[in-house]
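A.B. asks: Here's a structure for you.
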Amino acid sequence: MNITPTILIFLIIILVVVLGMVVFFRLAVQNLARVFAIFLPFNIQIFASVSHMALDNAKNNHAIKKLLHDLKKQAKLSNAPQVSSIYLNHKGAVRLFDVHYVYRFGVATLCLTDVTDIEILQNKLATRIGAEHQVFNNLNIGINILDESGRLLFCNAVQNKIWGTPDITAGVALDDLLQILQNNKTLPKTLESDDFIASEQNLLNNLTEPTTQILYLPDGRIIQRISTPYPDGGIFQSSEDITEITKLEQDIRGLLSVYRNTLDNIQEGIAVFNDKGFLQLSNPVFAQIWHLKTNFVNSAPHYEVLLEKILHLLRRDVEINHFKNRIGKLIKKRRGLETRIHLKSGAVIRMVALPISEQRLLLIFRDITLQEQYRILPDAREKQSA
């Protein structure tokens, strides 16, 4: 049997078409998440998945026909594929389907994708984001969130107040936001860089871990801003006006410096113990009276350790255990007391114990050796004359 070239070519074309149809329907059947319907001019519907045949029912036919009519009209006008969505009854449940419609050469191709689960996740995500924003709106610190491209996703009222911006909530690009700050003359300077705009771009592109910045505004305010990578991409930032706190801390440090200088220059030795018995504060005179090294005093020793360092200085007739117990009770029970301590060197130390606030005891030591000698000397002279 002789096969002419024409017949051979015809058979090859038929074979290619058949193979193409087989591949097409095989891929369609494997993709069970989609329903393909080919609407020929005489309205024949072919479903690629038997499990989705339930879509072809009386409840859905009217909605599908109306949607097809609208999509076909739009496709002819725009000469482009159309995308829409539709709710259909599928096995007794209402499901959301994405619709992709293509109309070419009198043949309409419709692709339906069940996106109900995606819609549920999107609704949950939207609910979570809405709850987060509600919390952020009630905070007393400024909050703003930028996406990966630098566009503002969220901004609360406190943030707008801190930066002197209008009622911005979302949608503004980072460049536009920085331009607003520049126009309002609220563009700050950081400690790391004088070019705040460049540092903001660098922060957006390179932030991998939380970063704290101290920003100085032209009007004298000081802003502490913490930038953190946002879980959904982008940056989460909190801003707090710490101007008053900073000034208060500076004032406190100034007062402490004055108190420290005062303690360092008075004649009495000062020691403060907490309720656990540890030394919390002392001055150089205290270390000098008891022959203690500065490093040891600065290590905040326990009173028992400190006593072991000074017991050898006491006069031999002093009962050591009684002395240790007495000091221990003073510190633990915060009792007031005034007494004298006699040393081997002949020196006499007056000790005053004063309970102070926050479970602490203040001990004041003063060398009164000369006063004691002056007081005793007249008594000795009277005895000699007698």
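A.B. asks: Taking the highest mean first, how do the peptides 302-312, 316-326 order by number of other beta carbon atoms within 10 angstrom per residue?
C.D. replies: 302-312, 316-326
A.B. asks: By how many nm would the segment from Thr243 to Ile118 lengthen if fully extended, with 0.36 nm per residue of separation less the alpha-carbon distance?
C.D. replies: 40.3 nm
A.B. asks: Would you mind calculating the relative contact order of segment 120-245 from Cα pairs under 8 angstrom and at least 6 residues apart, reporting the percent as a whole number?
C.D. replies: Reported relative contact order: 23 percent.
A.B. asks: Given q = 0.15, 0.28 Å⁻¹, what are the Debye log10 I(q)/I(0) values for segment 119-169, with equal point scatterers placed on the Cα positions and solvent ignored?
C.D. replies: -0.45, -1.06
A.B. asks: Moving on. Could you order Tyr216, Tyr101 so the one with the most accessible surface comes first? Probe is 1.4 Å.
C.D. replies: Accessible-area ranking of Tyr216, Tyr101, largest first: Tyr216, Tyr101.
A.B. asks: Suppose a student asked you for the relative contact order of segment 208-278, using Cα pairs under 8 Å spaced at least 6 residues apart; what percent would you report?
C.D. replies: 19 percent.
A.B. asks: For the pair Ile356 and Lys76, how long in nm is the line joining their label points, each one 7 Å along Cα→Cβ?
C.D. replies: Roughly 9.4 nm, to one decimal.
A.B. asks: Same structure, new question: Distance between Cα centroids, segment 111-161 to segment 269-287: provide it in whole Å.
C.D. replies: Using only Cα atoms, the two centres lie 54 Å from each other.
A.B. asks: How would His100, His90 line up by accessible area, probe 1.4 Å, largest first?
C.D. replies: Highest to lowest solvent-accessible surface, that is His100, His90.
The values are calculated or read from the model by the stated rules, or taken from the named source; none is laboratory data. In this text the structure is predicted, and so the values were computed from the model without any measurement. Reconstructed Cβ throughout: ideal geometry from the backbone, glycine too, with neighbour counts over all protein chains shown. Only protein heavy atoms, including side chains, enter the accessible area calculation; ligands, DNA and RNA are left aside. Shrake-Rupley method; radii C 1.70, N 1.55, O 1.52, S 1.80 Å.
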